[in-house]
Each structure stands twice: as C-alpha cells, then as structure tokens.
Amino acid sequence: MVAARLARRNIRHQLPGFAASFFALALAALLVTVCGALLETGLRADVPAQRLATAPVLVTGVQEYDGEPLAERDRLGAGPVRVIAALPGVARTVGDVSVPVTVLRGGAPAALAAIAAHGWSSARLTPYRLISGRAPAAPGDVVVDRGTAARLHLADGRPLRVIARGTVVALRVSGIAGAGSAQAPAMFVTDARAQALLGRPGQVDTLGVYPDRGVTVARLAGRITAALPAGTALVLTGAGRGRAEFPAAAGQSSGLIPLAAASGGIMVMVAVFIVASTLALSVQLRRRQIALLRAIGATPGQLRRLVLSEAVLLAVPAAGLGLLPAAALGRRLLAALAGHGLAAERLVYHQGLIPAASGAAIAVLTGAAAALVAAREAIRTRPVEALAGDGAPLRRMSRPRLAFGLVALAGAVALALVTALAFDGPVAASTAAPSALLWGLGLALLAPALTRPLLWLAGSAAAVLAPRAGHVAMITLRSRAARTAAVITPVMLATGLTSALLYLQTSQQAATGHAYARELSADLVASAPAGLPLSAAAGLRRMPGVVAASPVVTSEGFFDLPRGSDPRDAEAIPLEGLDGAAASEVTRYPVTAGRLSGLHGDTIAIPAADRERGRDLGDTVSLRFGDNAVRRLTVVAVFTAPRGYPLLLLPAGLLAAHTATGLAGQVLVRTDGRADRAALQQALRAVAPGARVTGRTATLAAFSAQQQTGAWVTYLLVAAVLAYTTVALINATAAAAAGRRRPLRLLRLAGASRGQVARAMTVDAVLVSGTAVALGTLLALATVLPFDSALGAPGLPAGSPWIYLTVTSAAVLLTVGVTRLATRLVNTDPGAGAAMP
C-alpha cells in the first residue's frame, strides 16, 4: 500500500517524465489489438450471404485444392444437380449462374461497379421483386436492379448493350427490380440466355436448396453431403453460405492471416523494445531518488514494488486508452485493405475478447517486465554513486543483456544466410523482414558497447572541427556513453528499420519489373477494360505492319499430385496462355528444349527447374486448372523462367476455357515498325469497346504501377514503426537534455554563454544522430543485401537514394530540434545551481 501511494504521488508530480511511457504503452495496446483482430477476421472468414440469402442450404463446387484457394470458380455439373433435386426432403432447388458483364454507355464501358448477369429464376434467392415492368421472357429481355437503372437513367423498354465473354450483346429493359436491402449491382435475363452467356450448358455456380416442411436444415445438409462423392462439392449452411456467393473471399481471407500475423509480430517486438527502453530511461533518471530511499532504509524489495507499481499504474489506463479506438481503426484498416484488393470487400470485421485481452496484456506485462529490469540496475547502484549525480557512471552491461544481444545477432546472421542462399525471388521476403527485426534487436541490446568506439571517433573529429563546442561535446559523450546509447537506439531503429522495409519493397518491385521487361519482346500491347476475345489477335495479325500477335490469358493452377508427393508441388503456380505460333515472337522465354510453337491442343511448356522433379520434354503431366478441372498435358518445351518467378505456359485457348471470362487480359503485338497504332486501336474497338493500344514504355510503367498494392502494406508498417520510435526518440532526447541540467549550469558558471551551451548541445545532437544513422545504415544493408542476392540482383539496394536521404535527414533534424528545444526549456542559469540537491 505504501509503495502504491508513493507511486501515485511520483506519477502525479512527475507526469511529463512518464508521458512518453504512457503513450508508448497505449500505442502498443492499440496496434497489437488491431493486428489480433485482423487475424481473427481472417481466421473466421465471415462473409454473410446477400444475394443468396433466402436459401437455407447452398451447394457449390469445391473452391480449394489441398488447402490452397482456387483462382477460378469450380461449378456444379448437371449430374450433382439432378442427384440433389431427387433427394427426399428437398422441396425445390434453384440454380444460379453469374456471368460477368460490362455495361456500355455511348459506345464505351460505363463507370459502374462490377456487375453480373443471372437467370431470372435465381432472383427469388434474394429475393428481388419487380418494381416496374415484367420478368424477362424473350432472349433479349433484361431486368436491372433499381440502383443501376437510376445511375444509367434506364426505364422499361430502353435498349441496353453489354459485353459478356468478349461479345457485345444487345438487350432491352423489360423491368426494374429491387431487393429489401442494399445489394451489389445485378441484372437478370432468361435462364436459357444466362446459360448461353455462361457457355457451359448444364452447369451452375451455386444451387440453392429448400427443405420440405418438417425437415431440418442440418438433416438436409447431411443428406446432400452423403449423396455426393467426397471432395466434389461444398454444402454450406448458416453463416458459411457467403463462401458460395463470394468464392474469392476465402482466398483473400487466408491472405489476411499471414499479413496480420507478420504485422502483429513486428508490432509486438517493436513495442516490447520501445516500451522497455522508455521505462528503463525513466527509472535511470530517478537514480538519485532511489538512492535517497535506500539511504533512509528502503529495502530492494520495497523499491522493486515501487517501480512495479508505477509501471502498472501507467500501463492499465494506457491499455484502456489504446483499446478505445481499436475497433474503429480496425474497421477502417480492413476497408482500406479491401480497397487495395488485399481482403474481401464484404468480410465482416471481428474483434473478440482474445485480441483485446492480448493487446492489453502485452502492454501491461511489457511495462511491468521493463520496469523490473530497469529497477534491478538502479537498485544495484550504490547510494553514494547515485547521489553523486549525473557524473556517476552506470555499471557495465549485464551478462543477460550481452547474451541476448549476441543471440539476436546470431539469429539475424542465420536468417540473412537463409535469405541469400536458400530462397529465390520474392519469397525471400519471408525471412528478410524478420532478419531486420533481429538485427535491430541485437544492435539495440549491444548499443552501449557498440557506440563507445563510434562516439570516441565522432567526439575526436568534433573537437578538431569545432574546438570549443566540439571539445565540450567530446567530453560529454565519452563520460555518458551508456546514457547516450539510450538516445542513439531509437534513432538507429527509426532509420534502420524504415530504410530496410522500404528498400525491401522497392527491390522486389524492381526485380518484378525487370523480369517482366526482360521477357517481353512485343513493342505494342493491346488491352480493354472487359478483356479481349482471343480472336482479336487473329484480326490484328492481318493488319499492315504486324509481324506477330498473341493473346495473353492468365490464371493459376496446380500439378495434380498423388498422395505423399512433395508438398512444395501443391503450391499454386501462375499459368500463362499464349498462341504457340507467335509465342517466341512476342516473348523472350529462353527455350532449352523443344519449341514454344508446339503449344496447341493439350500441351504445356515447363520451366527448367521442374526437371529436378522428374518432368522433362515429351512427358505427360497432370495439371489442375483454376476451376478444379484436371487435364493430361504433354510437355512440348522447357524454358528458363525468371529466378523466383515460377510459371507454366499453355495454349491460350486451352487456358481460357478454364477461366471465368474466357478472355485475354492483353494481346501482345510485334511489328516491323511501320504499323499504325491508331488503326490497330480502331480495329480492336470494333470487337472490344474501350480497347487501347500502348507502347512498350507505357506498358512497363503501367505494370510497375500495379505493383504498388503490396507497397501500401509496407507503408503501414513503416508508419507504425516510426510512431513507436518517434515517441521513444523525443522522450530519450528530452530526458537526456533535462538530465544534464547540472553540467550545463556548471558550464554557465565557468563563463559559457547560453548560445555557447546551445551550440555544444547541437554538436552533441549531431554526433549522436550521426552515430545512430551509421548503425541504422548497417542494419538496413545487412537486411537488404541478402534479399537482393536472392532476387538475383546483388549490389546496392534498388530504389531511389532519396528514400535513404529523406529518412536519415528527418531523423537527424528531429534529434537536433528536440535537443535544442529541450535545452532552451532547461533552466541553465548559474544562480539556480545553489538550489540543486
């Protein structure tokens, strides 16, 4: 009780000194809670059904293979649909198909959200009801939702043109429908027209099943599961029905799990160290107070309880404050992630008890542990040494700190070797980012020892360059090396971690861009918002000046493997579809065996790395496409894929048949230099409204811009790291300046002017920040150089040097600015020295 009362008084009377610790603890609770909530959101993958909300049971195709999400939709065939409809207890079934369409307005694609066409019978699954007009009866009839009708100013009887699977379809509005709640844009045609647009007779995306009276949903779902072969369909009820309506949400949710886990791990490590450093500095600055308590008979146990009470009294309200905005920030962050394609748009945000309790517990436990560690050093100091004031030296670095520091550096070295030697391509980032944390942790723990030689050299140089202020700074730095390390550490972490994370991102973007540019030999690239029909390439080949043209179809697939195979082979592999006759003209994939011109029919070209797994020219391999269809393909070529970027090449027509749209994303065009780009674009727009033709430079720039999605997450991490380190930097710098009140007064007493004292402190701040920048640079290089080696581009980090200059300059200016402000606020009047304790 005595310790608690004294702790409350200390906090109340020294509130500014505890403010940084309070905000660091609150920030730790906030960020850890948000990361935990995003992890829970990804694990739950709760996407409620909307347009298919009335059917109690939904049956859809399997949307994953060996735990990996499929890139395309796996549909139900006519056989399973008939089996389900004939089961006892089934009152009726309603099939639904979704055909992505692009609405045309004035001959160009309208600025609308993604929209799909469905059969009118599936309108009851929402349910949609007619507001005006009639249901579609003729092949050209269409019913649009009232939101789309309002945006396009549509009414009954108005014409409407859309693009579906690369074909312009002329329709006429027969009615306008609305639902009881806000829904995504939708349009409805006759069931036969929907099947024709889909191009897969008898197949449905989802089957809604309604039970007979007296049959429970669980019993009906069990009957359906038992009637279908294992692993051929998903039977969904309750909250899980959203997976049928939004199949891509499962893959996006699974991607959110490693993102949240990695971000949470980084936040926890940075939070633990920054909070520990901040509280340790707070305790060190009160060594005289602790010495006085010891001198009047306080026991070490009582002092530990005092320091622990202060930490808990700070941590509990700080954790509570951090939890208050966590839900709002988490929802905004999830919406931002969805906006960048990193999470499902309709994913429900969950922040349960575990994330909140974890964030609060980490803040409180970190504060308590840091306070006890800091108190141990202060309590071990003899009262006479502590009462001697600022000049009393701190003890040598403790053995546990030395041991943990060496272990962290050893782990960083191990991860750097794994990054450089064991991984290829972007996957190396999975070990490069953790190595940055270990480098930072090791350098921060060993900072008191590492900074001594650097400060000695820096002080000597300052004494030569600025004889007066530099000499004072040299003496100060050498006598206060241990405490100076407390100021150096946050600056080092800010510059090192920020530079490392940013250059990891820029290096990966540069490597991806170089790989794309290296393999692209086409000088023109055609594209359209809705995609291009494969026939567009044939039309372009007939244009004057065109040497070759090939559609490019992209997806993902898997090698279909027997049980017990190498688990690495079960990973999703990017698939690229090309026209075999033009593939060698528009791309530069180095072929080591066979020919790309053999890509037609059921064939495939594999990278040379696959030869190590028993596949070679002439072999037959089993490939599982993104829609879960399996085909036996003959290897007709072996090529060298870009390092770290696995890829399989297939005939464009074969791959397009297994994609949702059946279209090409681009058409690569090789010309003899005399082709008329405007004429090519005009010819394309006849079959694909909105199509455009760009040159090689513009194409590479557009590809580089697409890589910025991942950079957004890196910027979030950098912002969080900077928030932590800025709090610690301001606290450490201000506390260090305040802790030097006695020596500064002695300087004034010896005849130094206020300006000379300010200049001496400025030189001191420049030397401290320069030493920190040197260590931070070492941290960044030790992280990025192994990653560059894994990308196949050893050397200096790729990216603008302005990133490094901006980060380091900001750190130096902040350190100098806070130091000068703190010096101005500290009373250095020699007359105040008489009142010094």
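The values are calculated or read from the model by the stated rules, or taken from the named source; none is laboratory data. Note that the structure is a prediction, hence the values are computed from the model and not measured. Quick reminder, even Gly has a Cβ in these numbers, built from the backbone with ideal geometry, and neighbours come from all protein chains shown. Just the protein is used for accessible areas: all its heavy atoms, side chains included, with ligands, DNA and RNA removed. Shrake-Rupley method; radii C 1.70, N 1.55, O 1.52, S 1.80 Å.
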Using θ = phi - 60° and the Karplus form 6.51 cos²θ - 1.76 cosθ + 1.60, what ³J(HN,Hα) does each residue of region 187-197 get, whole Hz, x for Gly and Pro? 9, 10, 10, 5, 4, 5, 5, 4, 5, 5, 5
Using the Karplus curve 6.51 cos²θ - 1.76 cosθ + 1.60 with θ = phi - 60°, what ³J(HN,Hα) values do you get for each residue of region 210-220, in whole Hz, with x for Gly and Pro? 10, x, 5, 4, x, 9, 6, 5, 5, 5, 5
Residue separation times 0.36 nm, minus the C-alpha to C-alpha distance between Thr697 and Ala414: what's the value? 97.9 nm
In order over region 174-180: 3J(HN,Hα) from phi, Karplus 6.51/-1.76/1.60, θ = phi - 60°, whole Hz, x for each Gly or Pro, gives 9, x, 10, 10, x, 10, x
Cβ-derived FRET efficiency at R0 45 Å, Arg124 paired with His514, nearest 0.05: 0.25
Please identify which residues in region 135-165 have an amide N closer than 16 Å to a label point set 7 Å out from the Cα of Ala111, following the Cα→Cβ vector. 151-153
Sort Ser521, Ser535 from largest to smallest accessible area, using a 1.4 Å probe on the heavy atoms of the protein chains. Ser535, Ser521
Could you give the length gained by full extension between Thr640 and Arg332, i.e. 0.36 nm per residue of separation minus their alpha carbon distance, to one decimal place? 106.6 nm
Mind giving me the nanometre distance, one decimal, between the label points for Val547 and Arg452, set 7 Å out from Cα along Cα→Cβ? 6.8 nm
Solvent-accessible area of Phe23 with every protein chain in place, 1.4 Å probe, in Å² to the nearest 10: 120 Å²
So, in nm, how far is label Ala629 from label His340 when the simple model puts each one 7 Å beyond its Cα toward the Cβ? 3.6 nm
In Å², nearest 10: area of Leu700 left accessible to a 1.4 Å probe: 50 Å²
Ignoring everything but the protein chains, give the 1.4 Å probe accessible area of Ser769 in square angstrom, nearest 10. 0 Å²
Amide H to amide H, which residues 5 or more places from Leu234 or on other chains are under 5 Å from it, using H placed in the peptide plane? Thr60, Gly61, Val62
With a/c under 1.5 counting as rounded, go ahead and sort region 529-688 into rounded, prolate or oblate using the C-alpha gyration tensor (a ≥ b ≥ c being the square roots of the eigenvalues; past the cut-off, prolate if a/b is larger than b/c, else oblate). prolate
Per the 1/(1 + (r/R0)^6) rule, R0 = 30 Å and r from the Cβ atoms of Leu716 and Ser800, FRET efficiency to 0.05 is 0.90
Under 5 Å between amide hydrogens, which residues at least 5 positions from Ala593 or on another chain qualify, with H placed 1.01 Å from N in the peptide plane? Val638
In region 131-223, what percent of the accessible surface is made up of carbon and sulfur (1.4 Å probe, ligands and nucleic acids excluded)? 55 percent
Using a Förster radius of 56 Å, what is the FRET efficiency between Thr299 and Arg824 based on their Cβ-Cβ separation? Nearest 0.05, please. 0.85
If I model a spin label at Gln706 and Arg158 as a point 7 Å from the Cα along the Cα→Cβ vector, what separation in nanometres do I get? 3.4 nm
What length, rounded to one decimal in nm, is gained on full extension from Ala150 through to Val427, with 0.36 nm per residue of separation minus their alpha-carbon distance? 95.1 nm
Can you classify region 623-718 as rounded, prolate or oblate using the Cα gyration tensor, where a ≥ b ≥ c are the square roots of its eigenvalues, rounded means a/c under 1.5, and otherwise it's prolate if a/b beats b/c and oblate if not? oblate
Relative contact order for region 64-142 using alpha-carbon pairs under 8 Å, separation at least 6, rounded to a whole percent? 20 percent
